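Comments concern the structure below.
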Amino acid sequence: MAGRENEAAKIYLRPLRRCPQLDKGRRCAGKDGCLTDPTLRTGPTTFLRMIFRIPIDRINWTTSAFLIGTFVLTLTAVPLYLWYFGVDWFHFAIFAVLLVATGFSITLGYHRLFSHATFRARLPVRLFTLIFGAAAFENSVLMWASDHRRHHKHVDHDEDPYDISKGFFHAHIGWLLFKLLPQPPFDNVADLKKDPLVMWQHRHIHLLAVLVSFVLPTLLGALWDGWVGALGGFLIGGVAKVVVLQHGTFLINSACHTIGRQPYSTRCSARDSFLMALFTFGEGYHNYHHEFQHDYRNGVKPWQWDPTKWLIWSFSKIGLTSGLRRARSELVSSSEANVRKTVSQRQAKPEKRRTSMISRVRRQRKVDALRSDRRPLRS
């Protein structure tokens with residue numbers, strides 16, 4: 001099945017060819033229209049394929065409409081609202097509170113708790129992260145964790161859902177807009193399927209997302225300032241918050257596999273970025289995370305900005321979390337030393353070649369000088 005899907009994708013994406021069966025009027029005489037590929041026919045879909053060279057029937061229309069629509073509203077409707085009604089601190093307070101609550105639910109809950117099991121959490125933490133994590137509109141934790149575990153297993157390869165080798169756009173958002181392969185089964189989240197809370201969230205994910213992300217800030221805005229406040233709560237505390245949060249998550253998949261340092265491993269494209277950590281609650285230290293994915297810390301150094309690890313540690317002091325998993329310090333130091341050694345060896349090879357070339361040039365100059373100093377023999 002997967003082979004046939006891959007072959008169909010290749011047929012859709014290869015360049016279109018002219019029909020070899022042309023009559024005197026340069027019109028196609030073939031029975032299947034003017035395209036020789038049996039999967040392509042005349043009509044609006046074929047016309048779009050000819051223009052954009054994209055598999056139209058594989059676009060994820062619902063997800064694409066939501067992602068593009070919320071982004072456009074944030075760039076147009078939000079500025080217009082602020083220009084017409086002015087800035088109200090209450091709307092930005094809602095934005096900040098819901099952004100923090102939802103953001104930590106993704107980083108602490110979806111990512112480090114459910115996807116990697118880096119610690120254990122009591123019911124209040126689990127329930128909170130499942131409810132407010134839904135508000136990010138990043139699917140249920142079951143789907144999120146399945147994609148993320150597959151990403152770690154097949155990083156930088158074709159089975160990686162957000163494979164950076166397919167381009168920055170694909171890793172950032174393209175993998176959500178287009179589904180070139182059938183949705184893989186949830187065969188890597190058997191542990192989460194046994195969790196009643198996780199399955200409850202999975203069944204009601206869309207209702208939870210709408211209620212927490214859109215209805216809640218709209219109601220709070222209405223209580224504050226009537227219909228004007230409701231509109232502001234919806235646009236600022238709802239739509240804009242979702243866009244900012246989602247693209248923060250997307251940047252981990254794209255930017256953190258493109259820019260930054262690789263102090264712990266060079267085996268994959270993941271990189272550490274302090275700048276990304278600032279906007280993603282500490283998720284920017286991605287190189288360390290890929291090397292030590294079962295560590296509850298992303299920023300392993302005490303001074304590295306990782307508020308998610310500080311929150312997990314703080315919860316452990318009051319009994320809300322336990323079993324915090326850490327990579328052994330000697331293993332971390334060994335990884336850093338191996339990377340430094342590898343980098344120094346790579347830098348030494350060009351220098352060695354340069355030194356060898358200089359030596360050859362100097363020897364050749366000496367030979368040329370000796371030849372020029374030779375005097376011709378007298379007859």
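The values are calculated or read from the model by the stated rules, or taken from the named source; none is laboratory data. All values reported here derive from a predicted model rather than from experimental measurement. Don't worry about glycine lacking a Cβ; one is built from the backbone with ideal geometry, like all the others, and counts go over all protein chains shown.
Would you be able to tell me the number of residues in the range 306-319 that are buried (at least 22 other Cβ atoms within 10 Å of the Cβ) and touching a residue at least 40 places away in the same chain (Cβ under 8 Å)?
Residues of the range 306-319 buried (at least 22 other Cβ atoms within 10 Å of the Cβ): 306, 308-309, 312.
Still in the running and touching a residue at least 40 places away in the same chain (Cβ under 8 Å): 308, 312.
Residues meeting the conditions: 2.
Does Arg271 meet the test of being basic (Lys, Arg), closer than 19 Å to Leu108 by Cα and at pLDDT 95 or above?
Details: basic (Lys, Arg): yes; closer than 19 Å to Leu108 by Cα: no; at pLDDT 95 or above: yes.
Against the criterion (basic (Lys, Arg), closer than 19 Å to Leu108 by Cα and at pLDDT 95 or above), Arg271 does not qualify.
Quick check: anything in the range 282-302 free of Cβ contacts under 8 Å to residues at least 12 places away in the same chain and out of contact with any helix residue (DSSP H, G or I) (no Cβ under 8 Å at 6 or more places or on another chain)?
First, the residues of the range 282-302 that are free of Cβ contacts under 8 Å to residues at least 12 places away in the same chain: 301-302.
Still in the list and also out of contact with any helix residue (DSSP H, G or I) (no Cβ under 8 Å at 6 or more places or on another chain): 301-302.
Taking every residue of the range 282-302 in turn, at least one turns out to be free of Cβ contacts under 8 Å to residues at least 12 places away in the same chain and out of contact with any helix residue (DSSP H, G or I) (no Cβ under 8 Å at 6 or more places or on another chain).
Would you check if there is a residue in the range 320-331 being on the phi > 0 side of the Ramachandran plot, surrounded by fewer than 17 Cβ atoms within 10 Å (Cβ to Cβ), in contact with a Lys or Arg (Cβ under 9 Å, 6 or more places away or on another chain) and in the same structural domain as Asp163 (by TED's automatic domain parsing)? Don't jump to the end; show me each part of the working.
Step one: filter the range 320-331 for residues on the phi > 0 side of the Ramachandran plot, giving 323.
Checking the rest, the ones that are also surrounded by fewer than 17 Cβ atoms within 10 Å (Cβ to Cβ) come to 323.
Imposing the further condition that a residue be in contact with a Lys or Arg (Cβ under 9 Å, 6 or more places away or on another chain) reduces the set to 323.
In the following step, the residues that additionally are in the same structural domain as Asp163 (by TED's automatic domain parsing) were identified as 323.
Scanning the range 320-331 turns up at least one residue that is on the phi > 0 side of the Ramachandran plot, surrounded by fewer than 17 Cβ atoms within 10 Å (Cβ to Cβ), in contact with a Lys or Arg (Cβ under 9 Å, 6 or more places away or on another chain) and in the same structural domain as Asp163 (by TED's automatic domain parsing).
Hey, among the residues in the range 338-348 that are under 28 Å from the mean Cα position of the chain (by Cα) and farther than 19 Å from Gln293 by Cα, which one's surrounded by the fewest Cβ atoms within 10 Å (Cβ to Cβ)?
The first filter runs over the range 338-348 and keeps only residues under 28 Å from the mean Cα position of the chain (by Cα), leaving 338-340, 342-343.
Narrowing further to those that are farther than 19 Å from Gln293 by Cα: 340, 342-343.
On the way: Arg340: 11, Thr342: 13, Val343: 13.
That would be Arg340.
Restricting attention to the range 255-305, and to residues there that are part of a helix (DSSP H, G or I) and aliphatic (A, V, I, L, M), which single residue is surrounded by the most Cβ atoms within 10 Å (Cβ to Cβ)? Step through it out loud before you land on a result.
Residues of the range 255-305 that are part of a helix (DSSP H, G or I), as a first pass: 255-257, 274-279, 286-291.
Applying the additional criterion that residues be aliphatic (A, V, I, L, M) yields 255, 275-278.
Details: Ala255: 22, Leu275: 14, Met276: 22, Ala277: 24, Leu278: 12.
Ranking the qualifying residues of the range 255-305, first place goes to Ala277.
From the list Phe92, Phe137, pick out the single residue that is among the aromatic types (Phe, Trp, Tyr), part of a loop (DSSP other than H, G, I, E, B) and in the same structural domain as Ser316 (by TED's automatic domain parsing).
On the way: Phe92 fails: part of a loop (DSSP other than H, G, I, E, B).
That would be Phe137, the only listed residue that is among the aromatic types (Phe, Trp, Tyr), part of a loop (DSSP other than H, G, I, E, B) and in the same structural domain as Ser316 (by TED's automatic domain parsing).
From the residues in the range 132-148 that are in contact with a Ser or Thr (Cβ under 6 Å, 6 or more places away or on another chain) and farther than 21 Å from Ala96 by Cα, which one is surrounded by the most Cβ atoms within 10 Å (Cβ to Cβ)? Even if it seems obvious, please write down each step before you answer.
Going residue by residue through the range 132-148, those that are in contact with a Ser or Thr (Cβ under 6 Å, 6 or more places away or on another chain) are 132-133, 135-136, 145, 148.
Applying the additional criterion that residues be farther than 21 Å from Ala96 by Cα yields 145, 148.
On the way: Ala145: 24, His148: 22.
The extreme case among them is Ala145.
Scanning the range 169-205 for residues that are of a type in the set (Phe, Trp, Tyr) and closer than 30 Å to Gly237 by Cα, which turns out surrounded by the most Cβ atoms within 10 Å (Cβ to Cβ)? Give the steps one after another, and end with the answer.
Residues of the range 169-205 of a type in the set (Phe, Trp, Tyr): 169, 175, 178, 186, 200.
After this cut, where a residue has to be closer than 30 Å to Gly237 by Cα as well, the list is 169, 175, 178, 200.
Values: Phe169: 11, Trp175: 22, Phe178: 18, Trp200: 14.
Selected residue: Trp175.
Do any helices (runs of 4 or more DSSP H) entirely within the range 153-239 hold 3 or more residues that are in contact (Cβ under 8 Å) with a residue 12 or more places away in the chain and farther than 17 Å from Ala135 by Cα, and if so, which?
Working: elements: 190-193, 196-203, 205-210, 216-232.
Per the criteria, 190-193, 216-232.
Condition test on Arg271, is it over 15 Å from the mean Cα position of the chain (by Cα) and without any contact (Cβ under 8 Å) to a residue 40 or more places away in the chain?
Values: over 15 Å from the mean Cα position of the chain (by Cα): no; without any contact (Cβ under 8 Å) to a residue 40 or more places away in the chain: yes.
So Arg271 does not fit the description; no.
Can you find, within the range 127-152, the residue that is farthest from Thr321 (Cα to Cα) among those that are in contact (Cβ under 8 Å) with a residue 40 or more places away in the chain and of a type in the set (Phe, Trp, Tyr)?
Phe137
Check Thr129, Thr102, Thr118, Thr107 and return the single one that is in contact with a strand residue (DSSP E or B) (Cβ under 9 Å, 6 or more places away or on another chain), among the hydroxyl-bearing types (Ser, Thr, Tyr) and either assigned to a helix (DSSP H, G or I) or buried (at least 23 other Cβ atoms within 10 Å of the Cβ) (or both).
On the way: Thr102 fails: in contact with a strand residue (DSSP E or B) (Cβ under 9 Å, 6 or more places away or on another chain); Thr118 fails: in contact with a strand residue (DSSP E or B) (Cβ under 9 Å, 6 or more places away or on another chain); Thr107 fails: in contact with a strand residue (DSSP E or B) (Cβ under 9 Å, 6 or more places away or on another chain).
None of the other options fit; the residue is Thr129.
Of all the residues that make up the range 306-322, how many are in a loop (DSSP other than H, G, I, E, B) and touching a Leu at 6+ places or on another chain (Cβ under 9 Å)? Working first, answer last.
Restricting attention to the range 306-322, the residues satisfying the condition of being in a loop (DSSP other than H, G, I, E, B) are 306, 318-320.
Filter once more, so that each one left must be touching a Leu at 6+ places or on another chain (Cβ under 9 Å): none.
Qualifying residue count, the range 306-322: 0.
I'd like the full set of residues that are of a type in the set (Phe, Trp, Tyr) and surrounded by fewer than 18 Cβ atoms within 10 Å (Cβ to Cβ), limited to the range 206-254.
Keep residues of the range 206-254 that are of a type in the set (Phe, Trp, Tyr), which gives 214, 224, 227, 234, 250.
Correct list: Trp224, Trp227.
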